[in-house]
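The values are calculated or read from the model by the stated rules, or taken from the named source; none is laboratory data. Source: prediction; values computed, not measured. Note that we place each Cβ from the backbone using ideal geometry, even for glycine, and neighbour counts take in every protein chain shown.
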Ligand code: FPP
């Protein structure tokens, strides 16, 4: 598939990305893993801006999984610092950029300072339209279990009846409540796994796996993934 592929078709409404390959990018350059994550944060800025230019309404990124705590303390601290810097910057430029922020995941394990930044970003941006969802201390199975637990609690208290549970109602208990499912999920870095990402929401998504490492991900790669998405849609959709 040609790079710098551009399409006139509208982009998917919701794109989700597993930002993978930061560690390998750093290793190839003889740099510490944290430098790979810093370059990954830059790639995120680049792609979030490009999504806005294209008119993508929702961008969801996997920033930190429930399994990522197993990494070295230094690496975890490095990623948290990048998130903190980004959110401080986003709060500063909020009125100019008009991006709505949501956070999918159990934030209670984050530092109080980072939790507050997430809360402020969510509250101060709730009226904006273009939306970025950060998956932070997020796991797809964990999300489903929490939703089931909450529904069960309400049923036990008599506020819900088991028979009234539908897919639509259940989706409202997930972190992604009120967000439409992603049509396109991109995983760079050559890995072909789902890694516990948006398990419920990805039921009908198109997956595009790409060989580029996330820090090298450029607008042209997004064009390429969207082109692939449209080709698949044209082949299988329609009447
Ligand atoms: C996976 O690559 C990446 C992560 C676990 C962290 C992603 C975090 C960022 C890109 C920075 C977050 C900050 C902002 C502002 C978005 P990996 O480390 O598993 O790569 P590898 O498989 O090559 O080792």
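The set of residues in the range 166-192 that are within 16 Å of the ligand (Cβ to nearest atom) and either over 18 Å from the mean Cα position of the chain (by Cα) or surrounded by fewer than 18 Cβ atoms within 10 Å (Cβ to Cβ) (or both) comprises 190, 191, 192. Take the conditions (1) out of contact with any strand residue (DSSP E or B) (no Cβ under 7 Å at 6 or more places or on another chain); (2) within 21 Å of residue 5 (Cα to Cα); (3) part of a helix (DSSP H, G or I); residue 228 misses just one of them, which is (1).
Within the range 157-187, being touching a residue at least 12 places away in the same chain (Cβ under 8 Å), within 19 Å of residue 145 (Cα to Cα) and touching a helix residue (DSSP H, G or I) at 6+ places or on another chain (Cβ under 7 Å) holds for 165, 170, 173, 174, 175. Within the range 64-79, the set of residues being within 16 Å of residue 113 (Cβ to Cβ) and more than 9 Å from the ligand (Cβ to nearest atom) comprises 76, 77.
Every residue, every condition in (1) near the ligand (Cβ under 8 Å from one of its atoms); (2) closer than 24 Å to residue 82 by Cα; (3) touching a residue at least 40 places away in the same chain (Cβ under 8 Å); (4) surrounded by 15 or more Cβ atoms within 10 Å (Cβ to Cβ), yes or no:
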| position | (1), (2), (3), (4) |
| --- | --- |
| 36 | yes, yes, yes, yes |
| 42 | no, yes, yes, no |
| 47 | no, yes, yes, yes |
| 52 | no, yes, yes, yes |
| 62 | yes, yes, yes, yes |
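Has the range 120-136 got any residue that is farther than 19 Å from residue 200 by Cβ, within 15 Å of the ligand (Cβ to nearest atom) and part of a helix (DSSP H, G or I)? Within the range 120-136, one or more residues are farther than 19 Å from residue 200 by Cβ, within 15 Å of the ligand (Cβ to nearest atom) and part of a helix (DSSP H, G or I).
Within the option set 76, 56, being at negative phi, over 17 Å from the mean Cα position of the chain (by Cα) and modelled with pLDDT of 95 or more holds for one residue only, 76.
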